[in-house]
Structures are given as C-alpha cells and as structure tokens.
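Asks: Input: one structure, supplied below.
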C-alpha cells in the first residue's frame, strides 16, 4: 500500500479506522517494550492485511504510551531517582546512588539525541528507505545474532545498583540502533546490558530506566511535529485512541517481560527475531510482500 503524506510527513494512520487503530495500538504497545521491534510489526501487520502503512510519525508518537507504561510500572524507581537526586544535590552528596543513576540516564540519552536530530528528516520522510521491509528483515536477523551472542557470553551477575557511568554510555550508544527500524530500542539496550553481565531482569530494568528520556523526547518531538502538520481533524481522535490502547497493552508487556526474565532466558526472543527476519527477507525477495 502507498504511504499517506501530509506536508512531507508520513501520516498513514489518518486513513485508518478505529478498529485498525485499536489493533495496531495493541501491537505497538506490546512490541514497543519487548525486544522484538515495534517498527517491524507496524510495517508487517499492515502489509499482510493490505492496510496503509501507519507511518513513522504514528510509531514515534506511540512512544508516549510506552512512557506512561514504564513510569507506571517503575514508579518507585522513578520517584527514588527524582527525589533522591534532588536531595543529593541539595546536600552535596554526589556519591548518592540515585544521583549517580540520574546522571547515567542523562549520559545515556545524549548519543541517541544527537543521532535522532541528525536522522529525523530521513526517518520521518514519506517512503523512507529505512522503513523498507528488507531493511527491517536484515535488522531483525542481525539483532537475533547479537542477542544470542549476549545470552551465551553473559554471566548474569550484576544489578542496576552496580552500574557505572561507562555502562550507561555503552548502553546509550547501543540505543542509537533503535533509530533503524527492526533493531528495537528494548532489544539493543537489553543486548548491551547483557554483554555487560547484568542479570536478565536487571538488564531489562536498566534498559527501561535509561530509555525514559529518549522515549519521552521522541514521543513529544513527534507530537510537536504533528501539531504543526496539516492533519485532518479526525486524525487526532485516532491518535488519542491509539495512545490509550497502546498504554494499557504496554503496561502488561512490561509486567510479562519482567516476570519472564526472572525465570527464563532470552532465547525465545532470539528465535522469534531470527524467524521473523528470514521470513521478511524471503517474502520481499519473492515478491510476497
């Protein structure tokens, strides 16, 4: 299906109905926070069903749903980081663990902030080559290999309390990969944290907390762009509806992932990503998609 463009912005979601938006909202919410790439699923599902591509603007704005879910689930951590770091600054206690975590979160956001600004025009452009299904398929396959390597090499010993600024920078650099459709922000940061020998559930917690500013900035930036685009009036209720649906599904996705990683490895995600990547490469090569 062809892309729908408004002022050069990819806004295919404006042509979808509420049922389609609801289905995509559920899929977006679940896949945004699992290491399987929400962008890949936002391209694959519409392509299989013959729907218009909802567009990168929709996917980016939907990150506000992920933000709401992460803040809700990790509210205790978010509150401690905020209150603890403010208290530490007032007391001049710069060795405070919550202050250090706050600094780490800021540090981890700088790389993707710079890269996001540099690539924004390409990522959001209509018919962006980066949103091609072949690119997404290759990205899924590459990330499956990297996540498998991380799972095999990780010693699963460290906790978020043992995090160093160097760890935050490494995970922050890995987060840049999320700008490439098919890589997944959760997948890239979780993989990096596993390579740094964090326990699986701690790696996920580390990934979500460090990603909060990036998720917020991406979502708010896209919302700002949409506010200044000449969108049809019905597009806004569609977007709000999608955000609500995605927020609920994202919360349950976090809950499920954290419970899963407490008991199991990431191998199911490795296998899923590998199968998805091969499927996309074959489907595009044969003209099926």
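The values are calculated or read from the model by the stated rules, or taken from the named source; none is laboratory data. Nothing here was measured: the structure is a model prediction, and the numbers come from that model. Glycine also receives a Cβ, built like all others from the backbone with ideal geometry; neighbour counts cover every protein chain displayed.
Asks: Go through segment 210-224 residue by residue and tally those that are surrounded by fewer than 22 Cβ atoms within 10 Å (Cβ to Cβ) and in contact (Cβ under 8 Å) with a residue 12 or more places away in the chain.
Replies: So in segment 210-224, the residues surrounded by fewer than 22 Cβ atoms within 10 Å (Cβ to Cβ) come out as 212-213, 216-217, 219-221, 223-224.
Then keep just the ones that are in contact (Cβ under 8 Å) with a residue 12 or more places away in the chain; that gives 212-213, 216-217, 219-221, 223.
Total satisfying the criteria: 8.
Asks: Still on this structure, I have one more. Give all pairs with beta carbons closer than 6 Å in which a residue from segment 258-285 that is on the phi > 0 side of the Ramachandran plot and in contact (Cβ under 8 Å) with a residue 12 or more places away in the chain meets a residue that is surrounded by 13 or more Cβ atoms within 10 Å (Cβ to Cβ) and part of a helix (DSSP H, G or I); count only pairs at least 6 apart in sequence or on separate chains.
Replies: Once the first residue is on the phi > 0 side of the Ramachandran plot and in contact (Cβ under 8 Å) with a residue 12 or more places away in the chain and sits in segment 258-285, no partner that is surrounded by 13 or more Cβ atoms within 10 Å (Cβ to Cβ) and part of a helix (DSSP H, G or I) comes close enough.
Asks: Follow-up. Give me the pairs, please: first residue somewhere in segment 225-239 and under 9 Å from residue 14 (Cβ atoms), second residue anywhere and part of a loop (DSSP other than H, G, I, E, B), beta-carbon distance under 7 Å, and either six or more positions apart or on two chains.
Replies: Close Cβ pairs (under 7 Å, with a partner that is part of a loop (DSSP other than H, G, I, E, B)) amount to 231/11; 235/11; 238/16.
Asks: Now for a different question. Can you pull out every residue in segment 151-168 that is closer than 16 Å to residue 266 by Cα and free of Cβ contacts under 8 Å to residues at least 60 places away in the same chain? Full working, then the answer.
Replies: Kept after step one, since they are closer than 16 Å to residue 266 by Cα, are these residues of segment 151-168: 151-157.
Of everything in segment 151-168, those that are closer than 16 Å to residue 266 by Cα and free of Cβ contacts under 8 Å to residues at least 60 places away in the same chain turn out to be 152, 153, 154, 155, 156, 157.
Asks: Which of the residues that make up segment 169-208 are surrounded by fewer than 24 Cβ atoms within 10 Å (Cβ to Cβ) and part of a helix (DSSP H, G or I)?
Replies: Scanning segment 169-208 gives 169, 170, 173, 176, 177, 179, 195, 200, 201, 202, 205.
Yes or no, residue by residue, for (1) over 20 Å from residue 160 (Cα atoms); (2) free of Cβ contacts under 8 Å to residues at least 24 places away in the same chain; (3) touching a helix residue (DSSP H, G or I) at 6+ places or on another chain (Cβ under 8 Å); (4) in a helix (DSSP H, G or I):
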{"position": "65", "(1), (2), (3), (4)": "yes, no, yes, yes"}
{"position": "85", "(1), (2), (3), (4)": "no, yes, yes, yes"}
{"position": "94", "(1), (2), (3), (4)": "no, yes, yes, no"}
{"position": "105", "(1), (2), (3), (4)": "no, no, yes, yes"}
{"position": "109", "(1), (2), (3), (4)": "no, no, yes, yes"}
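Asks: Answer with yes or no whether residue 139 is surrounded by 22 or more Cβ atoms within 10 Å (Cβ to Cβ), within 22 Å of residue 280 (Cβ to Cβ), touching a residue at least 60 places away in the same chain (Cβ under 8 Å) and out of contact with any helix residue (DSSP H, G or I) (no Cβ under 7 Å at 6 or more places or on another chain). Don't jump to the end; show me each part of the working.
Replies: On the way: surrounded by 22 or more Cβ atoms within 10 Å (Cβ to Cβ): yes; within 22 Å of residue 280 (Cβ to Cβ): yes; touching a residue at least 60 places away in the same chain (Cβ under 8 Å): yes; out of contact with any helix residue (DSSP H, G or I) (no Cβ under 7 Å at 6 or more places or on another chain): yes.
Yes, satisfied.
Asks: Hey, among 149, 218, 214, which residue is part of a helix (DSSP H, G or I) and more than 26 Å from residue 236 (Cα to Cα)?
Replies: Details: 218 fails: more than 26 Å from residue 236 (Cα to Cα); 214 fails: more than 26 Å from residue 236 (Cα to Cα).
Step by step, each of 149, 218, 214 is checked, and only 149 is part of a helix (DSSP H, G or I) and more than 26 Å from residue 236 (Cα to Cα).
Asks: Take segment 258-269 and flag every residue that is surrounded by fewer than 22 Cβ atoms within 10 Å (Cβ to Cβ) and part of a helix (DSSP H, G or I). I'd like the intermediate steps shown before the answer.
Replies: The initial filter retains those residues of segment 258-269 that are surrounded by fewer than 22 Cβ atoms within 10 Å (Cβ to Cβ), namely 258-265, 267-268.
258, 259, 260, 261, 262, 263, 267, 268, listed by residue number.
Asks: Does segment 169-189 contain at least one residue that is closer than 23 Å to residue 268 by Cβ, touching a residue at least 12 places away in the same chain (Cβ under 8 Å) and more than 19 Å from the chain's Cα centre (by Cα)?
Replies: The answer is no; no qualifying residue exists.
Asks: Among the residues of segment 116-137, are any over 25 Å from residue 12 (Cβ atoms) and either at pLDDT below 90 or within 20 Å of the chain's Cα centre (by Cα) (or both)? Lay out the reasoning, then the answer.
Replies: At the first step, the residues of segment 116-137 found to be over 25 Å from residue 12 (Cβ atoms) are none.
No: zero hits.
Asks: Can you pull out every residue in segment 32-59 that is outside any loop (DSSP other than H, G, I, E, B) and either free of Cβ contacts under 8 Å to residues at least 24 places away in the same chain or surrounded by fewer than 24 Cβ atoms within 10 Å (Cβ to Cβ) (or both)? Quick ask: steps written out before the conclusion?
Replies: Within segment 32-59, the subset outside any loop (DSSP other than H, G, I, E, B) is 32-33, 38-49, 56-59.
Matches in segment 32-59: 41, 42, 44, 45, 46, 47, 48, 49.
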